[in-house]
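Peer 1: Sharing a structure below in structure tokens format, with a few things to ask.
Every number in this text was worked out from the coordinates using simple rules, so none of it is lab data. This is a predicted model, so every value here is computed, not measured. Cβ sites come from the backbone with ideal geometry, for glycine too, and all protein chains shown count toward neighbours.
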Number of protein chains: 2
Amino acid sequence: MKVSKFGGSSVSDAKQIKKVLDIVNEDPERKIIIVSAPGKRHKDDIKTTDLLIRLYEKIQNNLDYQSKKKEIIQRYADIVNGLNMDDAILTTIDETLELYIEQLSDKPPRLYDALLSCGENFNAQLIAIFNNSQGTPTRYVSPKEACLIVTDLPQQAQILDSSYTDIYKLRNYKEKLIIPGFFGVSQQNYIVTFPRGGSDITGAIIARSVRASLYENFTDVSGIYKANPNIINHPELIEEITYREMRELSYAGFSVFHDEALQPLYKDRIPVVIKNTNRPNDKGTYILHDREIDSNKVISGISCDKGFTVINIKKYLMNRIVGFTTKILGVLEEFNISFDHIPSGIDNISIIMRTNQINGKESQVLNEIRKRCKVDELSIDNDLAILMIVGEGMNQVVGTASKITHALSESNINLIMINQGASEISMMFGIREEDAEKAVLSTYEFCYHGVCLKNLCQ
Amino acid sequence: MKVSKFGGSSVSDAKQIKKVLDIVNEDPERKIIIVSAPGKRHKDDIKTTDLLIRLYEKIQNNLDYQSKKKEIIQRYADIVNGLNMDDAILTTIDETLELYIEQLSDKPPRLYDALLSCGENFNAQLIAIFNNSQGTPTRYVSPKEACLIVTDLPQQAQILDSSYTDIYKLRNYKEKLIIPGFFGVSQQNYIVTFPRGGSDITGAIIARSVRASLYENFTDVSGIYKANPNIINHPELIEEITYREMRELSYAGFSVFHDEALQPLYKDRIPVVIKNTNRPNDKGTYILHDREIDSNKVISGISCDKGFTVINIKKYLMNRIVGFTTKILGVLEEFNISFDHIPSGIDNISIIMRTNQINGKESQVLNEIRKRCKVDELSIDNDLAILMIVGEGMNQVVGTASKITHALSESNINLIMINQGASEISMMFGIREEDAEKAVLSTYEFCYHGVCLKNLCQ
């Protein structure tokens, strides 16, 4: 049994939904379908979820919300018309929105979650009704019926461990099941949305629960690129990648499949494939627990993310002072700052974190470190990007670091930091933000095509 | 005013002592002379200090110690005869040894320190008497008279801050002063030896106290080599190096001048020169607070030390768990293990320490980490060497990392770890112990001579 999830652009209008159902109906293994809210139909379109956020804001500010509500209903009306369906469902949609607004207007965080859930929820109902009418027994299953029981904190849903067993019962249904992504229901009977990764998480939880043979994640690209297509012209696609590689790439900006959604899949080793709704015969990218390693092609992907900050601390004879590092980390903990890496020298240590972790608290944090740790020198630098080169088996192959540093050096990129060692499958380089694109370009071309971008980058 | 310290081989016999005094008497700025105990006269000789340790062991084991004592006195008798001196001093030496043995045999740690101090102390007295008799007003000054007042814990002497002011008064003497290195006197009036670096520390403390214009450290090499001469055939000498560079090189095995001895000099920026007693006109190596940087020659030295251990920890979604690192470091602190570096990935962290820190506690520590931190995977590796490439301004020059990783890769050396970033003046590479010599050789040849050791190392 496969669990198939379709993203916003795959279910944005009648035409796309027909493509989705062709894919679904073609394969009897595709039994459980997770759908997103209707996404953008063209570049300047607005996602249904964003319309729902605007509706919520109108209500919160006591403004007239009727026209915004109509705009939302119109999205579904377009789909209903495009599919030649009975438009009775539009009345249900209208009534449901009004019901939430009436019942929950005194509980804003609950109203927010309930309204946002509508995007996926209405779409799932619609698609189920339509597919059933076309002759394939199909059934809408609400997250509550599916036993997607989550924690109660608004917008922070976490699946309860007990749910995994209960959701397994979805296997008993005979029909194809259409389930809305992005939210669950708490034991207190509230709708609660997932924090990040939305529908991907719903799909992952269900795929694990029903022990799916494959979790298909349909989107509008034919898989995961080896590097950011905004930087590299038509980069190659990754054929197979491990969960761990995916995690490392996600860390530095890869966002095709949210790494939060990998967590439920990891333990039971459920394989994932990223596929393209518009080109369903393309192979896609498989995300697996293990994969065979070709020692001639050890680098799976290259990512680079901006927005990092580094605090540099110097203290003569630092390595003689027991507990010095713990003392510094203690200061960060007090300010609730989570750091990422702590490269160290003999008399110095650096702490690397996301800039958003320390924004606004910089001078306080530095003062506290200065006061408590009696440092010789202290500086902060907000201009850091992290370049991540990822590949299973990379540390088995002599010369990988040499290749990458050569490519960067030829492009005249200064290395502020190198962090290699803890992870066997990645190397991390700290560079200036302004060098980020150049770094991806030069390492990509050199590592995959042996092309040295010396002239380009001078 | 210069403070000049002479190491064990420089004062090992009459001939060497004459060389030392020629150097001392030739320059009126050389006013304060620190001397070591007589060192080895030839490869198979035994240092006086080691003879004194054996004497102590005989006494401790209630064995007859007379012949060992005679052996020690004979070392000084050889010097006395070689210098045609009155041998009355040999009686004083004998009596002093017997006095310590009598007075301190119920306090073994005190006896140990007192006996060991004799090596330097007798030599200083002897040399002072001789030089004075040759017409240069010269005076022996004991550490007590010099106000070298230290903490009272045996073998762990630390200078008291107040001593620096008192020692300044040595400037008032008119004669040349000969002071024994390696020990001070506590406020409880016990002789206490320095933990490490011995006479270098005495010299450094005195150089700082009297605000010396230069601290000369005479030994049997003409300075500090750019790499270990046991690995590189006739390596080049370093002309100038900063305190910070010296610290980093010392960390990974450079031991010409002990980095503990740099501490007193650092704050007042007293320059040090390492010179050769046997070739006093050689320029030597200057250790300075700052130096000019030649961007074409950024690498000052290459060192490599074995005996490191790495603990590798994997935990999926580690970077989401606040305080995870602190928890692990807490375990190490409880076992009183001081670690050196903590390179980290996304889902993994490594802890690097000297193997002697964890020897014998390995399984306990691993169990405790496993128990408290619920890790996915945990491994330990005792086979790590640290290669340290040091140079001020290194991080300003693009391509340094590329050069080094290229050299290592061509010699087929796998990089277990790269730690660069916190220190601006060094890069640290973790390699297998068996690759240590090869790594020094290939980086030395490539970085200094542009020679690639590909064929040599295949």
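Peer 1: What area, in nm² and to one decimal, does the C-alpha convex hull of the range B:252-293 cast on average over all directions?
Peer 2: 4.1 nm²
Peer 1: Within the range A:274-351, list the trypsin sites (Lys or Arg not before Pro) lying in a DSSP loop whose Cβ has at most 15 other Cβ atoms in a 10 Å radius.
Peer 2: A:Lys283, A:Lys297
Peer 1: Viscosity 0.692 mPa s, temperature 37 °C: Stokes-Einstein D of the range B:1-148 from its Kirkwood Cα radius, in µm² per second?
Peer 2: For the chosen part, D equals 207 µm²/s.
Peer 1: If you put +1 on each Lys and Arg Cβ and -1 on each Asp and Glu Cβ, how big is the dipole of the range B:299-453 around its Cα centre, in Debye rounded to 20? Walk me through the intermediate numbers first.
Peer 2: Details: 14 positive and 19 negative charges, 130 e Å.
Taking the Cα centre of the range B:299-453 as origin, the dipole is about 620 debye.
Peer 1: Suppose we keep just the alpha-carbon trace of the range B:91-136; what are its Rg and Dmax in angstrom?
Peer 2: Answer for the range B:91-136, Rg first and Dmax second: 13.2, 43 Å.
Peer 1: Greater than 23 Å separation of Cα atoms is the criterion. Which listed pairs, A:Lys5/A:Lys144; A:Lys403/B:Lys438; B:Lys40/B:Lys283; A:Lys31/A:Lys144; A:Lys19/A:Lys43; B:Lys18/B:Lys275, meet it?
Peer 2: Too far apart for the 23 Å limit: B:Lys40/B:Lys283.
Peer 1: Taking the Cα centre of the range B:161-222 as origin, work out the dipole magnitude from +1 charges on Lys and Arg Cβ and -1 charges on Asp and Glu Cβ, in debye rounded to 20. Let's see the in-between values first.
Peer 2: On the way: 7 positive and 6 negative charges, 46 e Å.
Using only the charged Cβ atoms, the result is roughly 220 debye.
Peer 1: Here is a follow-up. Compute the separation of the alpha-carbon centres of the range A:297-354 and the range A:204-279 and state it in Å as a whole number.
Peer 2: Comparing the Cα centres of the range A:297-354 and the range A:204-279, I get a distance of 30 Å.
Peer 1: Work out Dmax and Rg for chain B from the C-alpha atoms and quote the Rg first, both in angstrom.
Peer 2: 24.7, 78
Peer 1: Say the dipole of the range B:299-453 comes from +1 at the beta carbon of Lys and Arg and -1 at that of Asp and Glu; which of B:Cys447, B:Gly301, B:Thr325 then lies farthest toward its positive end?
Peer 2: So the residue we want is B:Thr325.
Peer 1: Continuing with the same structure: If I histogram all Cα-Cα distances within the range A:354-417 using bins 5 Å wide from 0, what percent of pairs lands in each bin?
Peer 2: So the P(r) values, bin by bin, are 3, 12, 17, 14, 14, 11, 11, 13, 5, 0.
Peer 1: Out of B:Ile46, B:Asn359, A:Ser411, whose Cα points farthest toward the positive end of the dipole of the protein assembly as shown (charges: +1 Lys, Arg; -1 Asp, Glu; placed on Cβ)?
Peer 2: About the Cα centre, the residue reaching furthest to the positive side is B:Asn359.
Peer 1: May I pose another question? If we restrict to alpha carbons, what Rg and Dmax does the range B:299-453 come to, in Å?
Peer 2: 16.9, 51
Peer 1: Per residue Cα convex hull volume for the range A:74-192, in cubic angstrom?
Peer 2: Given the Cα convex hull of the range A:74-192, per-residue volume reads 92 Å³.
Peer 1: Would you calculate a helix-derived [θ] at 222 nm for chain A, using -39,500 (n - 2.57) for each DSSP H run of n ≥ 4 and dividing by the full residue count, to the nearest 500?
Peer 2: One gets -12000 deg cm²/dmol as the mean residue ellipticity at 222 nm.
Peer 1: I'd like the per residue volume of the convex hull spanned by the Cα atoms of the range A:278-390, given in cubic angstrom.
Peer 2: Per residue, the Cα convex hull of the range A:278-390 comes to 188 Å³.
Peer 1: Let me ask something else. Relative contact order (percent) for chain A, with alpha-carbon contacts under 8 angstrom and 6 or more residues of separation?
Peer 2: 13 percent
Peer 1: Moving to a separate point now. Using only the alpha carbons of the range A:169-211, determine the length spanned along each of the three principal axes and report them from longest to shortest in whole angstroms.
Peer 2: 30, 23, 16
Peer 1: Just to be sure I understand the curve: with the Debye formula and one point per C-alpha of the protein assembly as shown, what is log10 I(q)/I(0) at q = 0.07, 0.08 Å⁻¹?
Peer 2: -0.70, -0.83
Peer 1: With the alpha-carbon atoms as the only input, what is the per residue convex hull volume for the range A:19-92 in Å³?
Peer 2: Cα-based convex hull of the range A:19-92, divided per residue, equals 129 Å³.
Peer 1: Would you mind estimating how fast the range A:169-318 diffuses translationally, via Stokes-Einstein at 37 °C and 0.692 mPa s with the Kirkwood radius over Cα pairs, in µm²/s?
Peer 2: 188 µm²/s
Peer 1: How far is A:Gly330 from itself in the other copies, in nm, if each label sits 7 Å out from Cα along the Cα-Cβ line, shortest first?
Peer 2: Reported distances to equivalent positions: 1.3 nm.
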